[in-house]
1. List the relative contact order of region 21-150 as a percent without decimals, with contacts defined as Cα pairs under 8 Å and 6+ residues apart.
2. What order do GLU182, GLU74 take when sorted by accessible area (1.4 Å probe), most exposed first?
3. Which of the peptides 111-123, 36-48 is most tightly packed, and how do the rest follow, going by the mean number of other Cβ atoms within 10 Å of each residue?
4. Roughly how many percent of the accessible protein surface of region 90-151 is carbon and sulfur, given a 1.4 Å probe and a whole-percent answer?
5. For region 82-180, report the accessible area per residue in Å² (1.4 Å probe, heavy atoms, rounded to an integer).
6. Tell me, what is a quarter of the convex hull surface for the C-alpha atoms of region 291-415, in nm² with one decimal?
7. Filter LYS30/LYS181; LYS30/LYS338; LYS181/LYS345; LYS80/LYS266; LYS76/LYS138; LYS68/LYS338 down to the pairs with a C-alpha to C-alpha distance above 23 Å, please.
8. Which whole number of Å³ per residue matches the convex hull of the alpha-carbon atoms in the chain?
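The values are calculated or read from the model by the stated rules, or taken from the named source; none is laboratory data. The model shown is predicted, which means the values in this text are computed figures rather than measured ones. Reconstructed Cβ throughout: ideal geometry from the backbone, glycine too, with neighbour counts over all protein chains shown. For the accessible areas, the whole protein counts, side chains as well, though only heavy atoms, and no ligand, DNA or RNA atoms are used. Shrake-Rupley method; radii C 1.70, N 1.55, O 1.52, S 1.80 Å.
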Amino acid sequence: MVSASAAPPKRIAIIGGGPAGLTLALALHKMNNGAGVETIQVFEQYSSLKPALGAGFNINGGAVMLCKLGLEKELKAIGKPFKRVLARTVTGDLLFDVDVPAILPESLKYNGEPVAYTVMRSDLQRVLESKIPEGMVKTSSKITDVYETDTGAVLRFADGEVSEEFDLVVGCDGIKSVVRKEVANTEAAPIYSGIRILFVVAPPGTYPKPDGEIHQWFGDGTYALCYTGGVGDDGRDMLALCIANDKNVSENTDWTEGDTKDVLLKMLKEAAMPSQLAAMVNSSERIFDIGVHYHDTLPTWNNGSRLVLLGDSAHAMPPFMGQGANQAMQDAYCLASKLGGIGAKKEFADLAEALRSYEGVRILPTSAIMQISRLNGFIETQRGPGAAARDLLFKTLGKLGIPGQIFLQNAIPRV
């Protein structure tokens, strides 16, 4: 390991062209070019930014960061305002009902307006890429190794070629992160949670509901989430069926589409889910089959030198709080801000001090959300008497307004 430099990094490599990597690239471009950053290069393993990869998600704390980076107008154009969460049992009993705009604090507003949206991943990637200089993203650049010399960090590509030296390499390369292997050295393998998710992407209007609402349905060992990501013809209706499943299911980190329509329809019928959910499956454009696995938290996100982690590579979290992308975007904004504070007469004396400060801000909240999300998934997919207890718990918490407070506790940005 080489000691971290006392000079601010001038050459920065970002591994991964998803929302996390692109947000970091934009933040560095906007915040740090004046602080001496000369080269920002994003390396994406695929031949394009994979517009059909994944689906849609909600952004709140992450949306605040994007607004600070000048994307307020663009978010309004691609995002559907997130207005309500309505949770019911499969028999129609109300569990809780959250009026989202009514509970948002100032920290989740920008220029006085709420910034809670559902967006399509593809739309967000397109906007982010359009705001960084042309050529900053290099596609078809699969990284297989990262190593350090006395003067910098070097990337090795799948074709055997090596990169120029960089002063800092940021791993935004997700659950199978190459950079994480160098930072963590050894760690336990991910543990299967016992929860399987069948994720459906369908044309807009397939699931009829008021605009901006997220609907939840709870059954025996199952939980379904329905919402619309994005707006207009570019938007899509989403269904996530979470089911207690003892047999280990692949994590499917590449979001490979599966031929599971008949299986999913059978699961919906057995769970007594509303008929409109089956209609979504029959109209689906793509279905993903995902096993939820638990990943260790790390005591540090950097190697004490020129490698640092961000987003899923640092804190891959179960999806049950909807905070994965939000926390990654907050990581990006925080890291860019800290890097801009390195130098004489500035906040940090060297790179190592800046990275420690970044970790000091971000490790605790992300670790807490990871644990809360695990607990939430466990409760939501209870079977038998556990399901009855879950319903009673949620109904009681709903009357006290607790679900909204839990949402806020995880959504409020901490950078």
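1. 40 percent
2. Largest to smallest exposure gives the sequence GLU182, GLU74.
3. Answer by packing, highest mean first, reads 111-123, 36-48.
4. 45 percent
5. 46 Å²
6. Numbers: hull surface 35.6 nm².
So the mean shadow area of the Cα hull is 8.9 nm².
7. Too far apart for the 23 Å limit: LYS30/LYS181; LYS181/LYS345; LYS80/LYS266; LYS76/LYS138.
8. Details: hull volume 56.7 nm³, N = 415.
Per-residue hull volume (Cα only) is 137 Å³.
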